[in-house]
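The values are calculated or read from the model by the stated rules, or taken from the named source; none is laboratory data. Just so it is clear, the structure is predicted and the values come from calculations on it, not from any experiment. Heads up, the Cβs are rebuilt from the backbone with ideal geometry, glycines too, and the neighbour counts pull from every protein chain shown. Surface areas here come from the heavy atoms of the whole protein model, side chains and all, with no ligands, DNA or RNA. Shrake-Rupley method; radii C 1.70, N 1.55, O 1.52, S 1.80 Å.
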Amino acid sequence: MKKRKIVITGSGTGLGKEAAIKLAKRGHIVYATTYLESESDKLNIIAKKENLELYSFKLDILNKDDLNKLNTIQFDTLINNAAISYSGSVAEIDIEEYKKVFETNVAANINITQIAVKKFIKQKSGKIIFISSLFGLVSIPFYSPYCLSKFAIECFSKSLRQELKLLKDLDINIQVKIIEPGAYKTGFNEKMAKIKYEWMKNHSYFKYKLDNIKKIEEKIWNFIQLKSFDSIIKKYIQAVESTNNKFKYTAPKLQSFFIKLYKTFETIFSF
């Protein structure tokens, strides 16, 4: 196994944090960036305690000065993990909220990827991993900002992959991969769901149905969310360590199966 030098964004909480620690435990050098200074402090304490080559620092992917920090680091793998969310009805969400989600989940990820690509071209090799979502494969009512942004990640990661393959003639090998997590109990999904309840209860075409929507959603989240992150963290590890050029990594299997089934029926009944 090649020891890799990894930059992973959005690693202050949830899957990003878990992946950063697990990758460092497997012997990789990990630069775990976080949105908050307090989050990076906690990660550095863990790294020191467990004697890991994990170095955490604050990096706001929307901040140009923060992004310049990447020019001082030698790395060969980028994991675009940082993301935000918003929820509500398409007819009523302020367009600025859509812009905020796209600025972070799409534009900023493209920006940081361009920084990495330039570095990897000079190095003649590298690996770029995008964290999408099973939500990036289907349309979910009241979650359009997040779904749209993940649809976009699916699109530009494929475009980037196809383009970079053309550089092999120049002996440049940059792999592009995508990971599609299902529902895990990180707190992210609950936070995303809660947003719409807070503003739609006061002024929305759907406010009279909101209590019923909330009850149904809570039952669904409680049923499908996995408490253990093991199945998806394995995909982070496989994507980083794999020597083949496999593109997609998805977990958990059952949720992936049902999403594919849902997509099939959605296509059939949309006519």
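Structural remarks
- In the condition set (1) over 23 Å from Gly14 (Cα atoms); (2) of a type in the set (Phe, Trp, Tyr); (3) in contact (Cβ under 8 Å) with a residue 60 or more places away in the chain, Phe120 is compliant with all but (3).
- All positions within the stretch 12-48 that are under 17 Å from Ser231 (Cβ atoms), open to solvent by 20 Å² or more (accessible area, probe 1.4 Å) and in contact with a Phe, Trp or Tyr (Cβ under 9 Å, 6 or more places away or on another chain): Gly14, Leu15, Glu18, Lys22
- Which listed residue, of Ser159, Ser242, Ser204, is within 20 Å of Leu134 (Cα to Cα), open to solvent by less than 70 Å² (accessible area, probe 1.4 Å) and polar (S, T, N, Q): Ser159
- Test: residue in the stretch 182-200 that is out of contact with any Asp or Glu (no Cβ under 6 Å at 6 or more places or on another chain), surrounded by fewer than 16 Cβ atoms within 10 Å (Cβ to Cβ), over 22 Å from Tyr146 (Cβ atoms) and among the basic types (Lys, Arg): no
- Only one of Asn173, Asn212, Asn222 that is over 21 Å from Asn81 (Cβ atoms) and touching a strand residue (DSSP E or B) at 6+ places or on another chain (Cβ under 7 Å): Asn173
- Taken over the stretch 10-66, the criterion of being among the polar types (S, T, N, Q), under 20 Å from the mean Cα position of the chain (by Cα) and assigned to a loop (DSSP other than H, G, I, E, B) is satisfied by Ser11, Thr13, Asn63.
- Members of the stretch 70-105 that are within 13 Å of the chain's Cα centre (by Cα) and of a type in the set (Val, Ile, Thr): Ile79, Ile84, Val101, Thr104
- Residue count, the stretch 81-133 (criterion: among the polar types (S, T, N, Q), in contact with a Lys or Arg (Cβ under 6 Å, 6 or more places away or on another chain) and either open to solvent by 20 Å² or more (accessible area, probe 1.4 Å) or closer than 25 Å to Lys246 by Cα (or both)): 2
- Criterion: over 22 Å from the mean Cα position of the chain (by Cα), exposed (fewer than 13 other Cβ atoms within 10 Å of the Cβ) and under 28 Å from Thr113 (Cβ atoms) - qualifying residue of Lys215, Lys168, Lys219: Lys168
- Residue list for the stretch 35-85, restricted to those being closer than 15 Å to Ile6 by Cα, without any contact (Cβ under 8 Å) to a residue 60 or more places away in the chain and among the acidic types (Asp, Glu): Glu53
- Meets criteria (in a helix (DSSP H, G or I), touching a Pro at 6+ places or on another chain (Cβ under 6 Å) and open to solvent by less than 50 Å² (accessible area, probe 1.4 Å)) for Ile232: yes
- Phe142 being crowded, with 18+ Cβ neighbours inside 10 Å and at pLDDT below 95: no
- Being assigned to a helix (DSSP H, G or I) and either within 27 Å of Glu103 (Cβ to Cβ) or modelled with pLDDT under 95 (or both) is a condition met by at least one residue of the stretch 179-189.
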